[in-house]
1. Here's a check for you: in the range 224-252, which residue that is over 11 Å from the mean Cα position of the chain (by Cα) and within 19 Å of Ser178 (Cβ to Cβ) is modelled with the highest pLDDT?
2. Does Leu59 fit the bill of being of a type outside the set (S, T, N, Q) and at pLDDT 95 or above?
3. Tell me the residue from Leu116, Leu74, Leu112 that is out of contact with any Pro (no Cβ under 7 Å at 6 or more places or on another chain) and at pLDDT 80 or above, please.
4. May I ask you to list the residues in the range 236-249 that are surrounded by 17 or more Cβ atoms within 10 Å (Cβ to Cβ) and either outside any helix (DSSP H, G or I) or in contact with a His (Cβ under 8 Å, 6 or more places away or on another chain) (or both)?
5. Pairs, please: C-beta under 6 Å, at least 6 apart or cross-chain, first residue surrounded by 17 or more Cβ atoms within 10 Å (Cβ to Cβ) and assigned to a helix (DSSP H, G or I) and in the range 135-159, second of a type in the set (Phe, Trp, Tyr) and modelled with pLDDT of 95 or more?
6. Show the residue pairs meeting these rules: Cβ distance below 9 Å; 6+ apart or different chains; first residue within the range 100-112 and more than 21 Å from Glu173 (Cβ to Cβ); second residue modelled with pLDDT under 85 and part of a helix (DSSP H, G or I).
7. What number of residues within the range 64-97 are under 22 Å from Arg172 (Cβ atoms), of a type in the set (D, E, K, R) and in contact (Cβ under 8 Å) with a residue 40 or more places away in the chain?
Amino acid sequence: MLSDAELSSRMAGRIAGAGHPWGRLRLRAYMLWKRVAWQCAVGSSRLIKRLLDVVVAGLMLLLLSPLLLVTAWLVRQDGGPVFFRQVRVGHGGREFGMLKFRSMVVNAEAALKDLLAKNEKQDGVTFKMRNDPRITRVGRFIRRTSIDELPQLINVLRGEMSLVGPRPPLPREVALYSQQDRRRLLATPGLTCLWQVGERSGKLFEIGDRNQIGFPEQVALDVRYIESQSVLRDLTILLKTVPAVLLGKGGA
C-alpha cells in the first residue's frame with residue numbers, strides 16, 4: 001500500500017505533466033476514475049444497508065407477529081384505532097407518516113397544546129413529561145418496553161426509515177432547528193441511534209441512559225454517526241439496542 005508521501009509524489013507528477021495535452025488527458029482520466037470509484041463505494045454501502053434493513057425488518061415482523069397481534073388487540077380495547085400515524089421529518093426534510101401502536105388517548109394531539117407549558121425539556125425543542133395524562137394504561141407498558149415502536153418496521157420496509165439512523169423529528173421541532181441542528185436530516189431516520197442506546201464516548205460496550213442526554217448532545221451524536229456510518233457500526237448499535245431496552249434505557 002502506498003504511503004502518504006508516495007501518493008503526494010504521484011499526484012504532484014500528474015499535476016506537473018498536466019501542462020501538456022497528454023498530461024491533461026491523463027489527469028482528467030485519473031480524476032474521473034477517482035470520482036467513479038468513490039460513487040461506487042458509497043453506492044455499494046447504501047445498497048448493503050438497504051438489504052440489511054429489508055431482511056432484518058421482514059424477519060422481525062414475521063417472528064414478532066404473535067406479539068404484534070396481541071398488542072393490537074389490547075390497544076383496540078379502549079375503542080380507539082390500533083395504530084397512530086404521526087407526521088415526521090425524514091431524509092432531506094421530506095415528511096412521512098411514522099407508525100406506532102397507539103399509546104395515548106384519541107385526542108392526544110389536541111391536548112398537547114395545553115401541556116406544552118409543562119415541558120420538562122429545557123431546550124424546548126422536544127417535548128417530555130414524566131406523568132403525561134394522555135398515556136393509557138396499556139400505553140405505559142408498551143412505551144416502557146418499546147413495543148409501541150415495532151410498527152415502524154413497516155416504515156423501514158417502505159424505505160422511509162432505516163434500522164439505524166437519527167430519530168425522525170416532528171415538523172414543529174424542525175421549525176425550531178438552527179442551521180447546525182438540520183445536519184440531523186442528512187441521513188435516513190432510524191429506529192435506533194447512538195443516543196438511543198446511550199453511547200456518548202464511543203466505547204464498544206457502552207450503554208447509558210438516553211434520558212440524561214440533552215438535545216444539543218443528541219444532535220452531536222447523530223452527526224457523529226452520519227459522518228462515520230457503516231454496516232458494522234449499524235450492527236453494533238442494533239446489538240446494543242436490545243440490552244438498552246431491557247434495562248429501560250432505550251426506546252424512542
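1. Residue satisfying both the conditions and the ranking: Arg224.
2. Spelling it out, Leu59 is indeed of a type outside the set (S, T, N, Q) and at pLDDT 95 or above.
3. Result of the check over Leu116, Leu74, Leu112: Leu74.
4. Lys249
5. Note: pairs meeting the criteria are Ile142/Phe101; Asp148/Phe101.
6. If the second residue must be modelled with pLDDT under 85 and part of a helix (DSSP H, G or I), the pairs left are Val105/Ala111.
7. Number satisfying all stated conditions: 2.
Each row is one residue, and each column tells you yes or no for (1) crowded, with 17+ Cβ neighbours inside 10 Å; (2) touching a residue at least 60 places away in the same chain (Cβ under 8 Å); (3) within 20 Å of Leu47 (Cα to Cα).
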| position | (1), (2), (3) |
| --- | --- |
| Ser162 | yes, yes, yes |
| Pro169 | yes, yes, no |
| Leu186 | no, yes, yes |
| Gly208 | yes, no, no |
| Leu221 | yes, no, no |
| Val231 | no, yes, yes |
| Asp234 | yes, yes, yes |
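The values are calculated or read from the model by the stated rules, or taken from the named source; none is laboratory data. From a predicted model like this one, the values you see are computed outputs, not experimental measurements. Note that we place each Cβ from the backbone using ideal geometry, even for glycine, and neighbour counts take in every protein chain shown.
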